[in-house]
Amino acid sequence: MSSLAFLGISIITLVTTYGISFILTPMITGAFFSAVDTSLITTNSGWLEMYENNENTVKYLVPLIPAFSILIVVIKVLMTSAARGRN
């Protein structure tokens, strides 16, 4: 397969995968944090603190998915073109 065609197919696949994960990640984490209501874990303050800490961390990390995907796409393009550029 031509290196340009291989690069195009791999980038389309990678972008599609990251797009699906960008759509599904907020849905899954939102459903999880809605299902694990704080009323279920109010008896133990350690668990409640861990729950709130994890929820705040996820709120900051989910918007970073596009930034991570752009970084990985750039690295993938550079690595693929370096490996297959000799054709």
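Does at least one position in the stretch 42-55 carry a residue that is out of contact with any Asp or Glu (no Cβ under 7 Å at 6 or more places or on another chain), within 30 Å of SER81 (Cβ to Cβ) and part of a helix (DSSP H, G or I)?
no
If I ask for residues that are at pLDDT below 80 and either within 19 Å of LEU71 (Cβ to Cβ) or touching a helix residue (DSSP H, G or I) at 6+ places or on another chain (Cβ under 6 Å) (or both), which ones from the stretch 11-41 would you list?
Once the filter is applied, which keeps residues that are at pLDDT below 80 and either within 19 Å of LEU71 (Cβ to Cβ) or touching a helix residue (DSSP H, G or I) at 6+ places or on another chain (Cβ under 6 Å) (or both), the stretch 11-41 yields only ILE41.
Before we move on, is ILE65 in contact (Cβ under 8 Å) with a residue 12 or more places away in the chain, surrounded by 14 or more Cβ atoms within 10 Å (Cβ to Cβ) and in a helix (DSSP H, G or I)?
Answer is yes for this residue.
The values are calculated or read from the model by the stated rules, or taken from the named source; none is laboratory data. These numbers were taken from a predicted model, which means no experiment stands behind them. Don't worry about glycine lacking a Cβ; one is built from the backbone with ideal geometry, like all the others, and counts go over all protein chains shown.
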